[in-house]
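Just below is one structure, and these are the notes that go with it.
Only the coordinates and a few stated rules stand behind these numbers; no lab work does. If you're wondering where the values come from, they're calculated on a predicted model, not measured in any experiment. Glycine gets a Cβ as well: all are built from the backbone with ideal geometry, and neighbour counts include every protein chain shown.
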Amino acid sequence: MYGTIMRARVKPDRKDEYVKAMTDMAPDPSVGFVGVQIGWEDKDPNNLVLVVVFKDRDSYVRNAEAAETDEMYRKQLEYLEGEPEWIDVNWTEYIGAGQRAGAGA
């Protein structure tokens, strides 16, 4: 699997809107999209960590280069205080129990 980790700061009082927008903009699984995890830092709950996973690097790159993805990114910036930090990742291991939506919420 392949994907990216994003770190950013969400504008005050925009967290719920941001989560809804991300839910609405999630790519279709047919393009290789596996899922997104959204987390908030304990020390500053407006600091966001987002993990995006695709089935492989090719799927990720195709999505990243799609015009719709650029539109989604620009929409996402409306909720953020600045440009996010991106770390592209080749996922090679998963250790632990399976995850489900809302786990830990």
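Give the calculated FRET efficiency between Asp70 and Ala97 to the nearest 0.05, with a Förster radius of 30 Å applied to their Cβ-Cβ distance. In this case the efficiency is close to 0.25.
Cβ crowding within 10 Å, taken as a proxy for footprinting-reagent exposure, orders Thr23, Thr92 from fewest neighbours to most as Thr92, Thr23.
Each of Val34, Val61 was scored by other Cβ atoms within 10 Å of its Cβ. Arranged with the fewest first, they read Val61, Val34. Under 19 Å of direct C-alpha separation, and excluding same-chain neighbours fewer than eight residues apart, Lys15 reaches these aspartates and glutamates: Asp24, Glu41, Asp42, Asp44, Glu78, Glu81, Glu83, Glu85. In terms of its alpha-carbon gyration tensor, the chain comes out oblate; a/c meets the 1.5 threshold, while b/c is at least as large as a/b.
Residue separation of Val89 and Lys20 scaled by 0.36 nm, minus their Cα-Cα distance, works out to 22.4 nm of gained length. Estimated from helices alone, the mean residue ellipticity of the chain at 222 nm is -9000 deg cm²/dmol (sum of -39500 (n - 2.57) over DSSP H runs with n ≥ 4, per residue). Taking label positions 7 Å along the Cα-Cβ direction at both Val36 and Glu81, the computed distance is 2.1 nm, reported to one decimal.
Between the stretch 1-19 and the stretch 56-73, the C-alpha centres lie 17 angstrom from each other. Listed by Cβ neighbour count within 10 Å, with the fewest neighbours leading, Leu50, Leu77 appear as Leu77, Leu50.
Candidate cross-link partners of Lys11 among the lysines, defined by an alpha-carbon separation under 21 Å and a same-chain spacing of 8 or more, comprise Lys20, Lys43, Lys75.
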